[in-house]
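To keep things clear, I will list the structure first and then write my remarks on it.
The values are calculated or read from the model by the stated rules, or taken from the named source; none is laboratory data. None of these values were measured; they are calculated from a predicted model. When we count neighbours, we look across all protein chains shown, and the Cβ atoms used for this are built from the backbone with ideal geometry, even at glycine. These accessible areas exclude ligands, DNA and RNA; they are computed on the full protein's heavy atoms, side chains included. Shrake-Rupley method; radii C 1.70, N 1.55, O 1.52, S 1.80 Å.
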Amino acid sequence: GAEPGLRAEIGHPREAAWARAVRSLRAGLAVAVDYGHERAARPPFGTLTGFREGREVRPVPDGSCDLTAHVAMDACAAAAGPGAGLMTQREALRGLGLD
């Protein structure tokens, strides 16, 4: 069987892209919503999964499905710098005046 930590999901390029997007704002608010976890709770076998026609399938990198991995949301917030924080999607929408 696979061992925890055998595969690494590298998030640095995504975190750097998010930080650039946030820094480019002159006004307003940047909100990221994604499937995620916090670094301390990172799943030991990774989060790579596949989707085909809206259903989760085994992640096979042959073009037969879309591949995705969850995001360490606290790592993205840290890369964005001071003032960035974490909240649930519900909290963010309510903070924007939406139910």
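Dividing the convex hull volume of the Cα atoms of the chain by its residue count, what figure in Å³ per residue is obtained? Please report the intermediate quantities before stating the final value.
Working: hull volume 14.4 nm³, N = 99.
That works out to 146 Å³ per residue.
The dipole here belongs to the chain: it is taken about the Cα centre, uses +1 on the Cβ of Lys and Arg and -1 on the Cβ of Asp and Glu, and is about 280 debye.
Using just the helices of the chain, give the 222 nm mean residue ellipticity in deg cm²/dmol: DSSP H runs with n ≥ 4 each add -39,500 (n - 2.57), and the total is spread over all residues, rounded to 500. Intermediate values should be presented prior to the final figure.
Values: 3 runs with 27 residues, N = 99.
After summing the helix terms and dividing by the residues of the chain, the value is -7500 deg cm²/dmol.
Specify the angular offset, from 0 to 90 degrees and rounded to the nearest 10, of the alpha carbon long axis of helix 12-23 from the longest principal axis of the alpha carbons in the chain. Once rounded, one gets 20 degrees. Amide H contacts of Val57: Gly50, Phe51, Arg52, each under 5 Å away and 5 or more positions distant or on a separate chain (H built 1.01 Å from N in the peptide plane; Pro and chain starts excluded). Out of Thr49, Leu86, Leu25, whose Cα points farthest toward the positive end of the dipole of the chain (charges: +1 Lys, Arg; -1 Asp, Glu; placed on Cβ)? It is Leu25, whose Cα lies furthest towards the positive end.
The Cα trace of the range 36-83 gives Rg and Dmax of 13.6, 41 Å, the first to one decimal, the second as a whole number. Extending 7 Å from the Cα toward the beta-carbon at both Asp66 and Ala92 defines two label points whose distance is 1.7 nm.
On a per residue basis, the chain carries 77 Å² of accessible surface, using protein heavy atoms and a 1.4 Å probe. Each residue of the range 37-43 is assigned a 3J(HN,Hα), and the resulting list reads 8, 9, 3, 5, 10, 4, x Hz, derived from the Karplus form 6.51 cos²θ - 1.76 cosθ + 1.60 (θ = phi - 60°), x at Gly and Pro.
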